[in-house]
Amino acid sequence: MYQINGAMKQSLHFHVVFLLAFVIVFSACGNKKDEEKNVSPAEMDDHVQLKIEALLKAAGDNPAVNASTRLSFLPVVNYYYSNTGYKPVWSSKEKWQPYADSLLQYIATAEKDGLFPESYQYSALQSISKTLQTDSLKRKEVNIWARADLLLTDAFFHILQDLKQGRIIPDSIAFKNDPAQQKDFFAALLDKVKEGGSLGNTFNAVQPALKDYQALRKNIPSFLDSMDRKNYTYVNYPGKDSLSLLKNVLKRLDESGFSIPTAKPDSTALAGLLIKYQKAKGLKQTGKITAGLAGVLNNTDKEKFKRIAITLDRYKQLPATLPEKYIWVNLPAYNLKVWDNDSLAMESKVIVGKPGTPTPVINSEISDLIVYPTWTVPTSIIVKEILPGLKRNPNYLSRKGLGLYKSNGDPVDPYSVNWSKYSKGIPYLVRQGSGDNNALGVIKFNFKNPYAVYLHDTNQRYLFKNRDRSLSHGCVRVQDWEKLAFYIVRNDSLSSTLPDSMKLNTDSITTWISRKERHTIEIKKKLPVFIRYFGCEGDNGSIKFYDDIYGEDKKLRDKYFAQK
């Protein structure tokens with residue numbers, strides 16, 4: 001027999017000990033995994049608590065907590081669980097809390113608030129819920145309950161911010177990145193729900209109470225009831241690739257029942273197809289792919305819903321409460337309204353800026369009215385229109401009813417100026433005197449803003465009959481300017497503490513107009529004015545959509561909602 005020496009004995013002993021240690025460790029790991037897959041209801045909460053802590057600590061700052069869990073609001077989720085000892089929120093002892101069911105039901109119907117269920121991982125949550133309901137073995141797995149808890153908490157916080165602030169804001173002002181809001185907004189509201197507060201009431205309370213917001217929101221369910229959910233090809237006009245644009249247009253036309261036999265039609269066949277569609281839709285029959293054609297092709301119910309979502313989010317950028325009295329101009333609607341204690345005091349058609357010179361979004365207040373104003377032409381118009389005209393013919397101003405002046409008001413002879421040396425502006429004022437032919441009409445309504453725009457009458461009142469009224473250089477022309485002036489003056493008079501003899505009245509304005517006298521009326525009780533861009537609104541039980549005249553909805557759609 002062979003003898004085993006001391007060294008060999010020592011080596012053999014080491015290998016046996018190592019093998020036993022490996023088996024013990026491996027068995028422990030296996031047992032741990034087995035334990036996480038076969039946990040009793042009484043022990044489940046403790047295991048889920050440890051699992052949540054392990055997942056969040058392992059994730060660090062990575063929103064992808066693991067291969068199957070991504071958290072959009074990881075900083076807020078981390079804050080909440082770390083301050084509650086990582087205890088599960090939405091379940092206990094292998095059963096959902098009542099408010100978990102409420103949240104799942106809310107996400108399923110989130111469209112009624114202009115939200116997209118998949119933004120809150122609805123499919124994943126629905127799959128988890130179904131698994132836990134139907135699979136008794138899976139219901140004993142710690143990982144599933146932990147993952148469900150994290151996803152539900154993330155969804156709750158995500159919904160809160162989308163309802164409160166909207167989705168079209170920069171990250172720098174988002175509540176989720178504000179430590180104070182993590183405590184006072186997100187955590188406080190989740191605690192309130194856990195303590196028995198209604199989840200539905202919580203979501204309602206964070207949304208704007210503004211009447212127009214609520215009117216739009218109220219009409220969403222009826223829109224959804226008849227919504228065409230078919231997927232249509234989106235035509236991104238003008239796009240960077242003309243061939244891709246043509247391909248998408250042909251595909252989209254085919255989806256609407258307008259097609260030709262060949263995938264590569266010649267110009268004649270293409271023009272004929274486009275004219276056929278344009279005629280059917282009441283469009284100008286150009287036979288060409290235009291922005292208007294693309295707009296009609298993209299005017300599907302799914303795209304309309306995105307515009308509803310965008311409009312709701314625009315309301316969330318307004319102050320929480322609006323003044324008792326204010327002027328409201330909605331640019332795409334070509335409409336001005338005066339609100340007085342929630343009553344519509346007056347309404348008027350308006351003409352707004354052309355797409356090339358759009359009217360800006362503004363918050364301001366009416367400071368003064370000018371009866372029979374003069375018009376000082378802004379630099380932008382001088383550069384684009386006046387200066388080229390003067391270079392062609394110095395008599396251009398005279399033909400337009402305009403005068404040339406030095407800054408001190410002295411007149412200047414246009415023929416005395418070498419116009420060829422100017423390109424970016426001129427050292428003179430171009431002004432139109434007051435009168436019925438003045439571009440500003442009879443009355444001008446001034447309010448402070450950095451864009452040199454204002455409300456005013458016009459000497460082209462026939463344009464109010466047009467459907468498309470994006471025609472100005474940026475100012476807002478008001479059809480019922482007299483009603484607006486009378487309201488402002490009456491409101492200011494009612495607010496005045498001066499003796500009655502000092503108060504202005506509508507008779508004064510009427511007299512000045514009849515005499516064609518120029519007067520400036522200082523407004524003591526400043527009337528707020530909001531100029532806004534809202535692509536749709538609630539209207540007598542339905543939703544009314546307006547043309548996206550400046551493409552502002554499309555910009556937000558492409559940036560925030562393209563994949564929704």
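ASN418 versus SER244, label points 7 Å from Cα toward the beta carbon: distance in nm?
If labels sit at ASN418 and SER244, their model points lie 5.1 nm apart.
At 0.36 nm per residue, minus the direct Cα-Cα distance, what do LYS95 and GLN285 gain on full extension? Give it in nm, one decimal, please.
Here the segment from LYS95 to GLN285 would lengthen by 62.1 nm.
Report the Cα centroid-to-centroid distance between the stretch 144-215 and the stretch 368-414 in angstrom, as an integer.
The distance from the Cα centre of the stretch 144-215 to that of the stretch 368-414 comes to 54 Å.
What's the center-to-center distance, using Cα atoms, between the stretch 273-327 and the stretch 73-138 in Å?
Answer, in whole Å: 35.
Once amide H atoms are built 1.01 Å from N in the peptide plane, which residues 5 or more positions from ILE523, or in another chain, come under 5 Å H to H?
The list, which skips near neighbours in sequence, is ASP368, LEU369.
Give me the number: length gained by fully extending ASP254 to ALA209, i.e. 0.36 nm times residue separation minus the C-alpha to C-alpha distance, one decimal in nm.
Between ASP254 and ALA209, full extension yields 11.9 nm more.
Indicate, rounded to the nearest 5 percent, the antiparallel portion of the DSSP beta bridges found entirely in the chain.
Within the chain, antiparallel bridges account for around 85 percent of the total.
I'd like to check one number: the per residue accessible area of the stretch 325-468, probe 1.4 Å, reported in Å² as a whole number. Each step should come with its number before you reach the end.
Details: 6950 Å² over 144 residues.
Accessible area per residue: 48 Å².
Could you point to the residue in PRO170, ILE275, TYR213 farthest towards the positive end of the chain's charge dipole, with +1 and -1 charges on the Cβ of Lys/Arg and Asp/Glu respectively?
ILE275
Using Cα pairs under 8 angstrom and six or more residues apart, how large is the relative contact order of the chain, in percent?
Relative contact order for the chain comes out at 14 percent.
Arrange the residues TYR234, TYR80 by how much accessible surface each exposes, largest first, with a 1.4 angstrom probe.
Solvent-accessible surface, decreasing: TYR234, TYR80.
What angle do you read, to the nearest 10 degrees and between 0 and 90, between the alpha-carbon axis of helix 41-59 and the longest principal axis of the chain?
60
Which length gain, in nm to one decimal place, applies between THR379 and THR510 when the Cα-Cα distance is subtracted from 0.36 nm times their residue separation?
43.9 nm
Given the peptides 481-489, 401-409, arrange them by the average over their residues of other C-beta atoms within 10 Å, most packed first. The partial results should precede the final answer.
Values: 481-489: 20.4, 401-409: 13.2.
Those peptides, ordered most packed to least, come out 481-489, 401-409.
Just to confirm the number: angle between the C-alpha axis of helix 481-495 and the first principal axis of the chain, 0 to 90 degrees, nearest 10?
80
Could you work out what % of the accessible surface of the chain is carbon and sulfur, using a 1.4 angstrom probe and leaving DNA, RNA and ligands out of the count?
Ligands and nucleic acids excluded, carbon and sulfur reach 51 percent.
Which pairs break 23 Å Cα to Cα here: LYS112/LYS211; LYS337/LYS465; LYS211/LYS281?
Beyond 23 Å: LYS211/LYS281.
Rolling a 1.4 angstrom probe over the protein heavy atoms, how many square angstrom per residue are accessible across the stretch 60-167?
On the way: 4310 Å² over 108 residues.
I get 40 Å² per residue for this part.
The values are calculated or read from the model by the stated rules, or taken from the named source; none is laboratory data. Keep in mind that this is a model prediction, so the values were computed, not measured. Every residue, glycine as well, gets a Cβ built from its backbone with ideal geometry; the counts of neighbours run over all protein chains shown. Remember, those area values only see protein heavy atoms, side chains included, never the ligands or the DNA or RNA. Shrake-Rupley method; radii C 1.70, N 1.55, O 1.52, S 1.80 Å.
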